[in-house]
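*Asks:* Pasting in a structure now, in structure tokens, and then I'll have a few things to ask.
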Amino acid sequence: MPTQLTADHAKQSLTAHVAAKGAEIFAKYGPQVGWAELQAVLNDRTCVRYPCTIEFDASPLRAGEFSHPVPNGEAPEAGFTLYVHPLYMTQLAMVPFLVLYQLVVVNYGEFASPDDAETFAAAALGLERELYYQTLCQLADTLGTGDEPAGPPQHPSSCSPGCGCGG
């Protein structure tokens, strides 16, 4: 008798797929995925299904949100603009942490969860998921303090209340 596929099977399959795609990005563009490598990833259709550009503009973002993809038209083939809070313009080395998290929405739409986004981005950056998550939370926390992010963040043991990382 054939095994019946369940929603749990689909979730496990997507999680495995996003981890593998992230690992492919790391293998191709690592070991350091910085601003230049991120630009190459965005232009690589084996990594990102649809065209994407980054714009440093907070106006389409909700309060406390560090980045968000917005479709450029009705069809995903029109591409996406990845809006990133301008606070991070001076910290281009940290922008891949923010943008890679959002690429799961671009590639998989509403089927992707925050867990999938963390798994994908951590694999793409060659990091353990927990370390990625803590870094993302610290970056998100800078929006609430008004402080400029200053280089690679320290890794706190937990996020602050109201952390905008989506975790």
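The values are calculated or read from the model by the stated rules, or taken from the named source; none is laboratory data. Here the structure is a predicted model, which means the values were calculated and not measured. For neighbour counting, all protein chains shown are included, and Cβ atoms are generated from backbone atoms with ideal geometry for every residue, glycine included.
*Asks:* Restricting to the stretch 59-85, name every residue that is of a type in the set (A, V, I, L, M, F, W, C), closer than 23 Å to LEU136 by Cα and surrounded by fewer than 16 Cβ atoms within 10 Å (Cβ to Cβ).
*Replies:* Matches in the stretch 59-85: ALA63, VAL70.
*Asks:* Considering only residues that are in contact with a helix residue (DSSP H, G or I) (Cβ under 9 Å, 6 or more places away or on another chain), outside any loop (DSSP other than H, G, I, E, B) and of a type in the set (Val, Ile, Thr), which ones fall in the stretch 45-71?
*Replies:* Within the stretch 45-71, THR53, ILE54 meet the criteria.
*Asks:* Report yes if some residue within the stretch 11-31 is touching a residue at least 24 places away in the same chain (Cβ under 8 Å), among the acidic types (Asp, Glu) and closer than 24 Å to GLN134 by Cα; otherwise report no.
*Replies:* no
*Asks:* While we're looking at this one, here's another question. Which of the residues spanning the stretch 108-162 are under 30 Å from ALA75 (Cβ atoms), polar (S, T, N, Q) and at pLDDT below 95?
*Replies:* SER113
*Asks:* Please tell me if LEU82 is under 19 Å from PHE26 (Cβ atoms) and either in contact with a Cys (Cβ under 6 Å, 6 or more places away or on another chain) or at pLDDT 95 or above (or both).
*Replies:* Working: under 19 Å from PHE26 (Cβ atoms): no; either in contact with a Cys (Cβ under 6 Å, 6 or more places away or on another chain) or at pLDDT 95 or above (or both): yes.
When the stated conditions are applied, LEU82 does not pass them.
*Asks:* Same structure again: With the structure loaded, tell me whether TYR88 is under 18 Å from GLY144 (Cα atoms) and buried (at least 17 other Cβ atoms within 10 Å of the Cβ) or whether it fails that test. Let's see the steps before the verdict.
*Replies:* Details: under 18 Å from GLY144 (Cα atoms): yes; buried (at least 17 other Cβ atoms within 10 Å of the Cβ): yes.
When the stated conditions are applied, TYR88 passes them.
*Asks:* Of all residues in the stretch 72-117, how many are β-branched (Val, Ile, Thr) and either part of a strand (DSSP E or B) or at positive phi (or both)?
*Replies:* Qualifying residue count for the region: 2.
*Asks:* Related question: Out of the residues in the stretch 1-20 meeting the condition of being more than 17 Å from THR119 (Cα to Cα) and of a type in the set (Ser, Thr, Tyr), tell me which one is modelled with the lowest pLDDT.
*Replies:* My answer is THR3.
*Asks:* Only residues that are exposed (fewer than 12 other Cβ atoms within 10 Å of the Cβ), assigned to a helix (DSSP H, G or I) and of a type in the set (Ser, Thr, Tyr): list them for the stretch 1-43, please.
*Replies:* SER13
*Asks:* Being among the hydroxyl-bearing types (Ser, Thr, Tyr), under 16 Å from ALA123 (Cα atoms) and within 16 Å of the chain's Cα centre (by Cα) narrows it down to one of THR15, THR81, THR46, so name that one. I'd like the intermediate steps shown before the answer.
*Replies:* On the way: THR81 fails: under 16 Å from ALA123 (Cα atoms); THR46 fails: within 16 Å of the chain's Cα centre (by Cα).
Result of the check over THR15, THR81, THR46: THR15.
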